[in-house]
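The structure under discussion appears below in the form of structure tokens.
The values are calculated or read from the model by the stated rules, or taken from the named source; none is laboratory data. Being a predicted model, the structure only gives us computed values, none of them experimental. Note that we place each Cβ from the backbone using ideal geometry, even for glycine, and neighbour counts take in every protein chain shown. Accessible surface areas use protein heavy atoms only, side chains included; no ligands, DNA or RNA. Shrake-Rupley method; radii C 1.70, N 1.55, O 1.52, S 1.80 Å.
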Amino acid sequence: MADTNLTAILYKKGDLKLEDKQIPEPGPGEVQLCMQQVGICGSDVHYWQHGAIGDFVVREPMIVGHEASGVVSKLGEGVTTLKVGDRVAIEPGVSCRLCHFCKTGRYNLCLDMKFCATPPINGNLSRYYVHAADFCFKLPDHVSFEEGALLEPLSCGVHACNRGGVTLGSRVLICGAGPIGLVTLITAKANGASEVCVTDINESRLEMAKKLGATHTLKVTSRDPREVAQQIHDLMGSAPEITIECSGAAPSVQTGVYATQSGGCVVLVGMGQPDVTMPILNAAVREVDIKGFFRYVNCYPTALAMIASGKVDVKPLITHRFSLEDSIKAFETTLRGEGIKVMIQCAR
Ligand code: 572
Ligand code: ZN
């Protein structure tokens with residue numbers, strides 16, 4: 001199909017279409033990008049299936065996609081840090097740069113954040129897209145566009161490990177072996193964690209965790225969090241110091257608290273029900289800190305260094321590849337829960 005800017009637009013719940021749009025022009029401080037690879041995230045599929053996540057409702061047509069890489073095709077006024085032809089990874093959340101959170105180095109908490117494919121902000125599953133130049137990261141020649149797109153989920157893993165304080169010799173429990181659990185596993189290993197136990201209810205996901213270096217895996221069958229915590233202790237020999245909960249399932253969050261060593265911490269990465277019963281007395285009297293998590297902050301440079309140095313390999317996470325024209329098929333594949341990461345090639 002001859003097109004100028006084929007774009008994946010979510011009109012409303014269940015209504016995702018490919019349409020030809022005008023090529024956007026970069027404003028001051030922005031660059032126009034010829035999009036290369038875009039990974040599908042669980043949130044893209046959730047907006048497509050449900051039309052909302054919490055208070056974020058698709059009220060106007062929204063372009064999907066936020067795990068992306070591209071080539072700079074035009075410079076907006078005043079851009080000096082990039083040039084036409086540069087290959088870049090796109091950090092999808094552009095913060096205000098002025099508020100207390102931005103100025104104190106926690107821009108992920110900016111209240112004026114404009115995050116791709118979070119209503120009402122458009123994403124970048126298209127041939128051409130415009131983004132703030134200071135949220136684009138130049139890729140070395142030997143880092144592929146697929147790896148560039150994977151910097152987005154990998155940054156979540158970097159932030160999760162930063163929040164938990166994962167370092168040399170850490171003993172870590174990761175609950176959930178979906179894409180975010182797996183990038184957290186990859187990062188924990190790269191940070192020098194000596195033992196990483198990964199739990200899930202799905203055996204094939206645990207197989208992937210083993211392939212990526214998990215020292216222990218546990219297929220969760222019991223719904224009793226204390227029993228599962230005991231199984232984790234038996235497997236690991238003793239309690240993990242740090243738990244990173246990536247499933248969002250209530251029994252798993254509870255298991256995370258019971259399983260964690262006294263004085264350790266639990267990072268809440270997974271998002272499930274808004275209200276969950278937690279064993280807070282158990283956490284309180286054992287000084288188990290419960291920590292929040294929101295996307296990532298200053299993690300793209302770290303994630304890029306991890307890949308560019310050859311320290312980590314994220315390519316095994318990619319299980320399916322589609323062209324932009326086949327985006328609906330790509331979304332259907334992700335919806336069926338097949339594989340781990342589905343990639344869409346945007347360039348013709
Ligand atoms: O890659 C970033 C990312 N963040 C997600 C989900 C998927 N991918 N979040 C979960 C949903 N929240 S939110 O605050 N919201 C809908 C804006 O509930 C954002 C972070
Ligand atoms: Zn995402």
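Scanning region 1-14 for residues that are more than 24 Å from the chain's Cα centre (by Cα) and exposed (fewer than 14 other Cβ atoms within 10 Å of the Cβ), we see that the one that is modelled with the highest pLDDT is Thr4.
Scanning region 103-118 for residues that are within 16 Å of ligand 2 (Cβ to nearest atom) and surrounded by fewer than 24 Cβ atoms within 10 Å (Cβ to Cβ) gives Asn108, Met113, Lys114, Phe115, Thr118. One residue alone among Ala117, Ala160, Ala149, Ala193 is among the hydrophobic types (A, V, I, L, M, F, W, C) and in contact with a His (Cβ under 6 Å, 6 or more places away or on another chain), and that residue is Ala117.
Only one entry in Met278, Met271 is of a type in the set (A, V, I, L, M), open to solvent by 50 Å² or more (accessible area, probe 1.4 Å) and not in a helix (DSSP H, G or I), namely Met271.
Note on region 119-128: among residues that are crowded, with 20+ Cβ neighbours inside 10 Å and within 20 Å of the chain's Cα centre (by Cα), the one that is nearest to ligand 1 (Cβ to nearest atom) is Gly123.
Quickly run through region 265-289 and pick out the residues that are over 23 Å from Cys110 (Cβ atoms) and aliphatic (A, V, I, L, M). Passing the criteria: Val266, Val276, Met278, Ile280, Leu281, Ala283, Ala284, Val285, Val288. Taken over region 153-175, the criterion of being open to solvent by 10 Å² or more (accessible area, probe 1.4 Å) and either within 16 Å of ligand 1 (Cβ to nearest atom) or free of Cβ contacts under 8 Å to residues at least 60 places away in the same chain (or both) is satisfied by Cys156, His159, Asn162, Arg163, Thr167, Leu168, Gly169. Scanning region 17-49 for residues that are within 11 Å of ligand 1 (Cβ to nearest atom) and surrounded by fewer than 23 Cβ atoms within 10 Å (Cβ to Cβ) yields Gly42, Ser43, Val45, His46. The one condition from (1) in contact with a strand residue (DSSP E or B) (Cβ under 8 Å, 6 or more places away or on another chain); (2) farther than 20 Å from Lys341 by Cβ that Arg321 does not meet is (2). Are any residues in region 78-111 in a loop (DSSP other than H, G, I, E, B) and of a type in the set (Val, Ile, Thr), and if so, which ones? Val79, Thr80, Thr81, Val84, Thr104, listed by residue number. Among residues of region 23-46 that are modelled with pLDDT under 95, none has a beta-carbon under 8 Å from a residue that is assigned to a loop (DSSP other than H, G, I, E, B) and within 16 Å of ligand 2 (Cβ to nearest atom) at least six positions away or on a different chain. Answer yes if at least one residue in region 63-72 is open to solvent by 10 Å² or more (accessible area, probe 1.4 Å), hydroxyl-bearing (Ser, Thr, Tyr) and either touching a residue at least 24 places away in the same chain (Cβ under 8 Å) or within 16 Å of ligand 2 (Cβ to nearest atom) (or both), and no otherwise. Scanning region 63-72 turns up no residue that is open to solvent by 10 Å² or more (accessible area, probe 1.4 Å), hydroxyl-bearing (Ser, Thr, Tyr) and either touching a residue at least 24 places away in the same chain (Cβ under 8 Å) or within 16 Å of ligand 2 (Cβ to nearest atom) (or both). Could you list, in sequence order, the residues of region 129-152 that are aromatic (Phe, Trp, Tyr) and either surrounded by fewer than 24 Cβ atoms within 10 Å (Cβ to Cβ) or within 19 Å of Pro316 (Cα to Cα) (or both)? Scanning region 129-152 gives Phe135, Phe137, Phe145. There is no residue in region 227-246 that is within 16 Å of ligand 2 (Cβ to nearest atom) and outside any loop (DSSP other than H, G, I, E, B). The set of residues in region 50-62 being surrounded by 14 or more Cβ atoms within 10 Å (Cβ to Cβ) and outside any strand (DSSP E or B) consists of Gly51, Val58, Pro61. Restricting attention to region 226-238, report how many residues are open to solvent by 20 Å² or more (accessible area, probe 1.4 Å) and farther than 19 Å from Glu207 by Cβ. Of the residues in that region, 7 qualify.
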